Amino acid sequence: MFIEIGHFAVVVALVLSVIGIVTPILGLKTSRPDWVRTARQAVTLNFFLVSIGMAAMIYAYLTNDYSVKYVAATSNSKLPVFYQVAALWGGHEGSLLLWVWILTAYSSLVVWMHWRTQPVTMPYLLSVQSLIMFGFLSMIVFLSNPFERIYPVPLDGKDLNPLLQDPAMVVHPPMLYLGYVGFSIPFAFAMAALFSGRLGEEWIKVTQRWTLFAWIALTTGILMGGYWAYYELGWGGYWGWDPVENASFMPWLVGTAFLHSVMVQEKRKMFKVWNLFLIIVTFSLSLIGTFLVRSGVLSSVHTFATDPGRGLYILIFLAFMLALGFGTLIVRSGRLKSRVELDSIVSKESVFLFNNLFFLVAAVTVFLGTLYPLLIETLKTAKVSVGPPYYNAVFMPVALGLLLMMGIGPSIAWRKASPDNLKKNFLIPIVVAVITTAAAWLIGIRTVFGMAGALTVSFVSATIVMDFAKISALWARRYEINYLHAFYRAFTNNQRRYAGIVTHIGVLVMVVGIIASTIYQVEKVVPMHIGDTLQLKAYTIRMAGLREVSGANWMGQEGLFEVYQGDRLITVLRPQKRIYNASQTPTTESAIHTIYLGHIFLTMPDIQPEGVTVRGLVNPLVLLVWIGGGIMALGVILNIFRPRMKTGA
Amino acid sequence: MKTWHFILVLAVAGLLTLFYKGLWGDPRAIPTVLIGTQAPMISGPEVRTGETISTDRFHGKVILLNFWASWCLECRTEHENLLAINRRFSQHPDFVMLGINYQDREKDALEYLQVYGSNFDHVRDIKGAISIDYGVYGVPETFVIDQQGIIRYKYVGPLVGAVYSNLTETILQPLLERRPSPSS
Amino acid sequence: MKKTLIITLIPFLLLFSTVSSRLTATTVEEEKIDLQVREIAKTLRCTICQNESIWESQAELAHQMRALVKERLLKGESPEEIRAYFLSRYGDYILLAPQKSGLNWLLWAGPFVLLAAGGLFLYRTLSGWVARDGAEKQDVPPPIDDRLRKRIEAELHSRED
């Protein structure tokens, strides 16, 4: 019964989304503000309606109602309650519902917050958001209905994919969608700016916090996905350049370019068309990602079930949105005349442009790598693979270029950097970088990747250290306060800038983690018996036992591995090999011991009477990848919640 | 129209076309590179007798290779057809049929052959070397090698229905009717 | 100047040397062949898996392929020969890094060509702007540092109360 109510609510939401598309435009054309208000009510109501749909689904999960086909396919009576709720986004239909729910939540919130302050934008925003809602709601209602009943009712559900029965997977999809969908807000504002002809800096100022929020959610989502892959897939890596990972990385790259580029428009009123272009591309990439994941054009670990009809529908919707976005840009941007003012190529403005170029090339690289197999398949009916070795060779140099720019950008002057300015800001970092690289060579780092990494990371770190040191010294001198206090006051006085630098520090920490865990990683795969030992760097791992274990919905075996450093026992690791009862799917559960920000990582991929295959890794400093991610997020939070800056005297 | 307008429209249109075409492709279908190349030599123990079988012996003959495993459900659907092929062609002096037991336990393979019966020899691929030599993705897979030792045919999946009749009528029958060229 | 340099440098060297000594001192001499197996295996796709190399995959076929890589290495084959062997059996699909030939150059060189072209385009556009701006305004604007200094001072004063 509840399910029918939920289904009905979602169908009503679909109808209301049509009203939301049409009425604001009509209201605008006929100058009837009450029609725009109708659209607002429709959008807000949609949030409640889709919430009812969500609640009905969750209720079906909690009551083990397997007469609902989707619940029967993704849940099981033995599945822990925690995962029963998350199972909703464990498959295609339910995750689509979550997508729409987040969209309606964003839309009603934005309308509620900006209704008074942005009256001109609202009709367009309502219409664009309703259009996206319409696209996804009609897909739910007509092609991917999670409310569908099944008869005869199965006795029990097929269970959630065991790989997804993991805390990170509970939070990862909502985070990712908060990011993807969040970019629809600046997109809608940009559309409104283009249609209304109010192409100033206002839409950027208004949407800045929304964009930052979407960015932080997407970043967190990606990092969580990486951590999940790291310990759940059992091969000890956190990024596999899988098409689905790439699909989330592309909007991230262009979105990040956008976040940088808008600063130029705010400060110098330049690059207006460019910024519109960037945000349209960012949101388009979110939609393209959805298409790639759900249409089955690419095979990947994470793709949902294939269905050309469904794919065709998303493709039509995607084509419509791309035509709308880029079409509007082409038709309306002719009105835009950015007043370009530039005094020198050696200036912050041009570094921003080069930063954008690198971000775009990085995105194009990922895009090309992801779609190249598809291209070859259609052109030559041949098959190729594009995997990590390609990205390591092509993406990494571009990424290092970006990193280098991260050192130059914040310190170089606007308009024109004098030789004096350059010398003051960059001479010491260059010296530091050269010395550090030499040191890297001396301690035995010989790979190009490692050396280039040491060079760029030390250069950028040095610019940041100098930046902080200088500003603290300046303020300390002025106010005769101690350095720490001075640093705090300088930081909060221009929190936007320094919060940005905190994010940069996060990037650096992450890069150190990536480089160290790549070049110092030790990995062995060996067959072992009880009593055997495995030597990983300074650690001796002794297999002490193997026993049967079981959980609520699985049975399996657990290995007992004593880890010694010298003669000292430091820990006992217990990796598992599980078989989930309902689906009979095996999983390998890794066992991790954290030591000096690095990991000792063990899995048992295969257990045979002849021996246990053990994969052992030492991943030095690998935790820095996620600590760095945390610092990046912290920087953005400091940016979102910055105190209002005093306008210049 | 400015240049960048043109490029943008072209790029978006190209992308959408690519996606559209991609929808009808099968991401799992993989073309083989082996057809027309010299078939690798096979040597290994027979599943039941344990005696070594080597394709050296079959020089100048048409060989049908079938990769299978006891855990493979699809292999069971084609099993009767395999037996039928051998019954039909085994009288022909130029025909040899070989099963290759892929990633299997000896015990399970033996049991499978006892339960379902077989009228041709099966080589155990212990280290997977034969399968890798033949670029095998999964079982069942079937190859036909001609009198000159060239791979003429490959099929991934069970030999049932049209696939089966296609193999016997348009591949095996014509190959066997052809006289071996005197040069070989 | 020198003082700043030394002050900036010290934390780096300290951090760097402690970290890296921890990392390297403990490295034991690994069996070279296993490292080579790993390197090669990471460039070959597990053909029955989705997006995993034969190094990462736990499939039986991947396991056997790894064993075969090792066997061929022990026989004295070079990594390139081993990759060529797998290529001849499975086709382009098995290489995780496509061959550098034909259309694949689009993949390998495309990003760098784009980077170079984009860079050139940016450089020329920017120079154009600078030249035009320079022609418009005869006198060069005052150096930014002066302005910035003034603004900082003003801001500092405004904070005094």
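Side notes on the structure shown:
- Listing of strands (runs of 3 or more DSSP E) fully contained in the stretch A:590-649 that carry 1 or more residues being of a type in the set (Ser, Thr, Tyr), in contact with a Ser or Thr (Cβ under 8 Å, 6 or more places away or on another chain) and within 13 Å of chain C (Cβ to nearest Cβ): A:598-608
- Remark: pairs (first residue in the stretch A:540-558, more than 11 Å from A:LYS78 (Cβ to Cβ) and touching a residue at least 60 places away in the same chain (Cβ under 8 Å); second residue of a type outside the set (S, T, N, Q) and not in a strand (DSSP E or B); Cβ separation under 6 Å; 6+ apart in sequence or on different chains) = A:MET543/A:ILE530; A:MET543/A:ASP532.
- So C:GLY76, is it farther than 27 Å from B:ILE151 by Cβ, outside any strand (DSSP E or B), more than 7 Å from every other protein chain (Cβ to nearest Cβ) and modelled with pLDDT of 85 or more: yes
- Index of the failed condition, C:ARG83 passing every other in (1) open to solvent by 20 Å² or more (accessible area, probe 1.4 Å); (2) within 14 Å of chain B (Cβ to nearest Cβ); (3) under 24 Å from the mean Cα position of the chain (by Cα); (4) under 22 Å from A:VAL522 (Cα atoms): (4)
- Reported count of residues in the stretch A:374-388, each being free of Cβ contacts under 8 Å to residues at least 24 places away in the same chain and part of a helix (DSSP H, G or I), is 6.
- Hits in the stretch A:568-622 - residues which are within 28 Å of A:GLY506 (Cα to Cα) and of a type in the set (Phe, Trp, Tyr): A:TYR596, A:PHE601
- Set side by side, the residues A:GLU232, A:GLU245 differ, and just one is surrounded by fewer than 24 Cβ atoms within 10 Å (Cβ to Cβ), within 25 Å of A:VAL394 (Cβ to Cβ) and among the charged types (D, E, K, R), which is A:GLU245.
- Tabulated pairs, the stretch A:450-470, first more than 10 Å from chain C (Cβ to nearest Cβ), second among the aromatic types (Phe, Trp, Tyr) and open to solvent by 10 Å² or more (accessible area, probe 1.4 Å), C-beta under 9 angstrom, 6+ apart or interchain: A:MET451/A:TRP441; A:PHE459/A:PHE426; A:ASP467/A:TYR498; A:PHE468/A:PHE487; A:PHE468/A:PHE491; A:PHE468/A:TYR498
- Number of positions in the stretch C:55-71 that are more than 17 Å from B:ASP125 (Cβ to Cβ) and either surrounded by fewer than 19 Cβ atoms within 10 Å (Cβ to Cβ) or facing chain B (nearest Cβ under 8 Å) (or both): 1
- Of all residues in the stretch A:338-360 being β-branched (Val, Ile, Thr) and more than 7 Å from chain C (Cβ to nearest Cβ), the one that is most open to solvent (accessible area, probe 1.4 Å): A:VAL346
- Residue within the stretch A:361-373 that is without any contact (Cβ under 8 Å) to a residue 12 or more places away in the chain, facing chain C (nearest Cβ under 9 Å) and not in a helix (DSSP H, G or I) present: no
- Where helices (runs of 4 or more DSSP H) fall entirely within the stretch B:42-148, those with at least 1 residues that are charged (D, E, K, R), open to solvent by 60 Å² or more (accessible area, probe 1.4 Å) and over 23 Å from C:LEU87 (Cα atoms) are at B:73-89, B:106-116.
- Selection within the stretch C:96-108 - part of a helix (DSSP H, G or I) and within 9 Å of chain A (Cβ to nearest Cβ): C:ASN104, C:LEU106, C:LEU107, C:TRP108
- Residues in the stretch C:43-54 that are open to solvent by 10 Å² or more (accessible area, probe 1.4 Å), at the interface with chain A (Cβ under 8 Å from one of its Cβ atoms) and either within 23 Å of the chain's Cα centre (by Cα) or hydrophobic (A, V, I, L, M, F, W, C) (or both): C:THR43, C:ARG45, C:ASN51, C:GLU52.
Condition check ((1) outside any helix (DSSP H, G or I); (2) under 26 Å from A:TYR180 (Cβ atoms); (3) open to solvent by less than 10 Å² (accessible area, probe 1.4 Å); (4) touching a Gly at 6+ places or on another chain (Cβ under 6 Å)) across all residues:
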site	(1), (2), (3), (4)
A:ILE58	no, yes, no, no
A:ASP65	yes, no, no, no
A:ALA87	no, yes, yes, no
A:GLY94	no, yes, yes, no
A:TRP99	no, yes, yes, no
A:ALA105	no, yes, no, no
A:LEU109	no, yes, no, no
A:MET113	no, yes, no, no
A:GLN118	yes, yes, no, no
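Matching residues to (1) in contact with a strand residue (DSSP E or B) (Cβ under 7 Å, 6 or more places away or on another chain); (2) touching a residue at least 60 places away in the same chain (Cβ under 8 Å):
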site: B:TRP68; (1), (2): yes, yes
site: B:ARG88; (1), (2): no, yes
site: B:LYS107; (1), (2): no, no
site: B:GLN114; (1), (2): no, no
site: B:ARG124; (1), (2): yes, yes
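- The set of residues in the stretch C:57-68 that are in contact (Cβ under 8 Å) with a residue 12 or more places away in the chain and either under 30 Å from the mean Cα position of the chain (by Cα) or under 20 Å from A:PRO373 (Cβ atoms) (or both) comprises C:ALA59, C:ALA62, C:MET65, C:ARG66.
The values are calculated or read from the model by the stated rules, or taken from the named source; none is laboratory data. Here the structure is a predicted model, which is why all the values come from computation and not from measurement. Glycine also receives a Cβ, built like all others from the backbone with ideal geometry; neighbour counts cover every protein chain displayed. When the accessible area is computed, the model is the full protein with side chains, heavy atoms only, and any ligands, DNA or RNA have been set aside. Shrake-Rupley method; radii C 1.70, N 1.55, O 1.52, S 1.80 Å.
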